[in-house]
Amino acid sequence: MVQKLLAFLPEDRRQRQVLLGAVGIIIFLTYPFIDRALGLELLGSLVAGLIFVILALGLNIVVGFAGLLDLGYAAFFAIGAYTMGIFTWPNLGLEWSFWVVIWICAVVAAICGMIIGAPTLRLRGDYLAIVTLAFGEIVPTVIRNLDDLTIRIPFTSIYLVKDLNLTNGPQGLNPVGRPSLFGFEFGFDPLHWWYLVVILGVFVIIAERRLENSRLGRAWMAIREDEIAADAMGVDPIRTKLLAFALGASFSGFAGAIYASMIQAIFPELFRFQVSIFLLIIVILSGMGNVYGVLVGGLLLTILDRVLIAIWIPQWQASLAKALGWSWLTAIDLREWRWVLFGVGLILIMVWRPEGLFPSAARKAELHEHEWEEMGAEA
Amino acid sequence: MNVELLVNQLVIGITIGSYLALIALGYTMVYGILELINFAHGDIFAFGFLFSLTVLQFLNLEYPLSVPQIISILGPVMVLTMLAAGLLNVFIDRVAYRPLRNAPRLAPLITAVGASFALENLFAIWKGPSQIFYPPYVPRVDILREWLGIDTIIGFSTTDLMLLIVTIPLMILLSVFVRRTKLGKAMRATAQDREAAAMMGINVERVIMSTFFIGGALAGAAGMVFGLYLNTGRYLMGFEAGLMAFTAAVLGGIGNIAGAVLGGYFIGIFKALSDLYLPSEWTRAVVFAILVLVLVFRPAGLLGQATQEKV
């Protein structure tokens, strides 16, 4: 089907890309008006969904490009969001400008990525996975317990910090500072945020495409395919992986900053394991390493999760149950089942189509290497 | 420094360590053979808890039970739980890992995460997301204070004793099984070199299946004694216990059976001591810090042998 659709497009690859890009940008720029005209009222769900797509693009650097299985990516998201919160929460008295803090968020997230990466990136892939998982669990725990922080210089009675309520514990930070641009104040209307998120998305995609074809991007892929061979060819594995961690983390720092400012209230519970898994599913389903694939797959999964499962299907269920008189139908709550479906989905993708829906050519060849070897052996 | 308090925490550490060791065994056995971290293993532990609870609730018993009842009812329920947990683990292997035996290493790891995630959320639907009460079928009587009349703050109760009575024989049984039986020998051979074992006529798939079954059964038993011991649990309990047990397996030297038991007791004691000196929310952070330190400085663990990664 995709082939048929592509047949309508110009032959030249460059022209095709420009055309598709232009159509995509027009859809994103006009969507808020379409939404309003059709009375869909989905903008709020979709803005939050787009932030998750951006996060998935960041995770794509780590998992897709460099082949490092990171199961605690939500931790960097949390770090970005909380950095924004801490610098703008009125109770701490800082209240810096959003436009300054968003850069701090990215830098702090990148530094945290390096801190967790430096000791662990020497480990083999599966150990790395479990350490990142542990990190993803520790960060919310630490955040929950940083509501009464006291730091004393050892052996003296000089307090650097005493009884500081940095994160407000389980209650979370509320309100978080909002941006303002040339006198325009961002409010609760998702329309205000839509364009900011789309701009960040475009920026992330351009950055990622540039990275993919850069010296560093090729080093990541070399590491992913064969670390020992890449090392022998002069690619420094630790440095390369560390950069993947830092850059991936910095993208989620940006996303976390906007998310915190948009939803206005952040709690440790928002950044649990489920978030990391959902992002991982987007990257794997879409085809690890393919930037546009992750974009499209992320949008599809977000719409499935936030619109279809969360809003539309319950409505259809209710009206169908009413029309047919089947009261048992309303008892099935698909929202409860969605994480089960995602878990099972993860297994099914890996078993049936490990290269994902939109594979990059290199990744596909890699994942089917053994089949080729077997075919060669038979022939 | 209060010595009695320290001894008390050590006793707690050893009891916690016993069920952690039982879970760690399943991790280490599977890893030894497939080099796969079976993420869903912790959830098998949670399954043991939930399944045995369901069976016991179905029997509609009045608790606490008397000693003959404990042996005649809880014994068979435990066997049933172990059977069900073992089969569930075999099923997970069949669905999520077996199709990917020759795939890149990351592939089965991703399906393992998927399986664990799906199971956890199934448990949440099955028993609800809040804390689950596990009735105290085994009465809790403080042995030292009430039976022996010793005035001490060291607590050693009948439930602690029950936990040790169940877990230690299971560990001994496993070690005898792996060392003395034909299937155990086949397991050791498969762990050493899968291809060579296959060439020697060992049915590797059957060995893998029995490994998953035994590992699952042990985790199931751990889940049930955990319920009888602590009387409370949650659908996510497997996630945390699994991470602790995995840390134990790595600490002991993953792939090494004696190491897993040793690691389990180490982690249990660490956990108890951390509870003594730090607020309990930090326990997990302490255990994970141990995991990272071990992996960075001694990835082979306490009893494991260092292996060079091959091309």
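Just so you know, all these numbers are worked out from the coordinates, no wet-lab data involved. Note that the structure is a prediction, hence the values are computed from the model and not measured. Glycine gets a Cβ as well: all are built from the backbone with ideal geometry, and neighbour counts include every protein chain shown.
Using unit Cβ charges (K, R positive; D, E negative) and no other charged atoms, how large, in debye to the nearest 20, is the dipole of chain B about its Cα centre? Intermediate values should be presented prior to the final figure.
Working: 19 positive and 17 negative charges, 205 e Å.
Dipole size: approximately 980 debye.
How many Cβ atoms of partner chains, on average, are near each residue of B:117-126 if near means within 10 Å of its Cβ?
5
Given all pairs of different Cα atoms, what value in angstroms does the Kirkwood hydrodynamic radius of the stretch B:3-297 take? Could the numbers behind the result be given before it?
Numbers: mean 1/r = 0.0512 Å⁻¹.
In the stretch B:3-297 this quantity evaluates to 19.5 Å.
Could the peptides B:50-57, A:302-309 be put in order, highest first, of the mean number of other beta-carbon atoms found within 10 Å of their residues? Can you show the working numbers first?
Numbers: B:50-57: 20.4, A:302-309: 17.5.
Descending packing order for the listed peptides: B:50-57, A:302-309.
Just counting partner chain Cβ atoms within 10 Å, what average do the residues of peptide A:138-148 show around their Cβ?
On the way: counts 7, 1, 0, 6, 3, 0, 1, 4, 0, 0, 0.
Going residue by residue through A:138-148 and averaging, the value is 2.
Taking 7 Å along the Cα-to-C-beta vector as the label spot, tell me the residue A:164-residue A:213 distance in nanometres, rounded to one decimal.
For residue A:164 paired with residue A:213, the spin-label model returns 4.6 nm.
Roughly what would the spin-label model give for residue A:14 and residue B:105, points 7 Å off Cα along C-beta, in nm?
4.3
Count of lysine pairs in the protein assembly as shown with Cα atoms under 26 Å apart, counting only pairs 8 or more residues apart in sequence or on different chains? Please report the intermediate quantities before stating the final value.
On the way: A:4/A:364; A:241/A:364; A:241/B:310; A:364/B:310; B:185/B:310.
Here the count comes out as 5.
Looking at chain A as a GNM with Cα springs under 10 Å, which of A:69, A:181, A:55 has the largest mean-square fluctuation?
Maximum fluctuation in the GNM of chain A, among the listed residues, is at A:181.
Gaussian network model of chain A, Cα springs within a sub-10 Å range: biggest mean-square fluctuation belongs to which of A:246, A:22, A:78?
Result for chain A, Cα springs under 10 Å: A:22 fluctuates most.
Let's test the formula: R0 of 60 Å, r as the Cβ-Cβ distance of residue A:348 and residue B:150. What FRET efficiency results, to the nearest 0.05? List each step's numbers first, then the result.
Working: r = 59 Å, r/R0 = 0.98.
Plugging the Cβ-Cβ distance into 1/(1 + (r/R0)^6) gives 0.55.
Given labels modelled 7 Å from the Cα in the Cβ direction, how far is it in nm from residue A:232 to residue A:25?
4.5
Once the mean 1/r over all distinct Cα pairs of the stretch B:236-304 is inverted, what Kirkwood radius in angstroms do you read off? Mind showing how you got there, number by number?
On the way: mean 1/r = 0.0846 Å⁻¹.
After inverting the pairwise mean of 1/r, the radius is 11.8 Å.
Expressed in whole Å with the largest first, what are the equivalent ellipsoid semi-axes of chain A derived from the C-alpha gyration tensor as the square root of 5 times each eigenvalue?
Working: eigenvalues 226, 183, 96 Å².
Listed largest to smallest, the semi-axes of chain A are 34, 30, 22 Å.
Treat the protein assembly as shown as a sphere of radius equal to its Kirkwood radius over Cα pairs and apply Stokes-Einstein at 10 °C in a medium of 1.306 mPa s; give the translational diffusion coefficient in µm²/s, rounded to a whole number. Before the final figure, lay out the partial values.
Details: Rh = 27.2 Å.
Using the Kirkwood radius from Cα pairs, D works out to 58 µm²/s.
Can you give the longest stretch of chain B with no exposed loop site, where a site means GluC sites (Glu not before Pro) in a DSSP loop (not H, G, I, E or B) with at most 16 other C-beta atoms within 10 Å?
Numbers: sites that count: B:35, B:62, B:309.
After excluding every exposed loop site, the longest remaining stretch is B:63-308.
Whole-Hz Karplus ³J(HN,Hα) for the stretch A:30-38, in order, using 6.51 cos²θ - 1.76 cosθ + 1.60 and θ = phi - 60°, x for Gly and Pro?
Once θ is set to phi - 60°, the couplings for the stretch A:30-38 become 9, 3, x, 6, 4, 4, 5, 5, 8 Hz.
Would you mind giving the mean number of other chain beta-carbons within 10 Å of the Cβ of each residue in A:229-235, as a whole number?
Working: counts 1, 0, 0, 1, 0, 0, 0.
Whole-number average of other-chain Cβ neighbours for A:229-235 is 0.
Using each residue's phi in the stretch B:102-119, evaluate 6.51 cos²θ - 1.76 cosθ + 1.60 at θ = phi - 60° and report the 3J(HN,Hα) Karplus result to the nearest Hz, with x for Gly and Pro.
So the J values, rounded to whole Hz, are 9, 6, x, 4, 5, 4, x, 5, 5, 5, 4, 4, x, 5, 4, 5, 5, 4.
With a ≥ b ≥ c taken as the square roots of the eigenvalues of the C-alpha gyration tensor of the stretch A:90-193, please select rounded if a/c is under 1.5 and otherwise prolate if a/b is larger than b/c or oblate if it is not? Could the numbers behind the result be given before it?
Numbers: a/c = 2.13, a/b = 1.26, b/c = 1.69.
Cα axes put the stretch A:90-193 in the oblate bin.
Please identify, among A:27, A:281, A:102, the residue showing maximal mean-square fluctuation in a Gaussian network model of chain A using a 10 angstrom Cα cutoff.
Largest GNM mean-square fluctuation: A:27.
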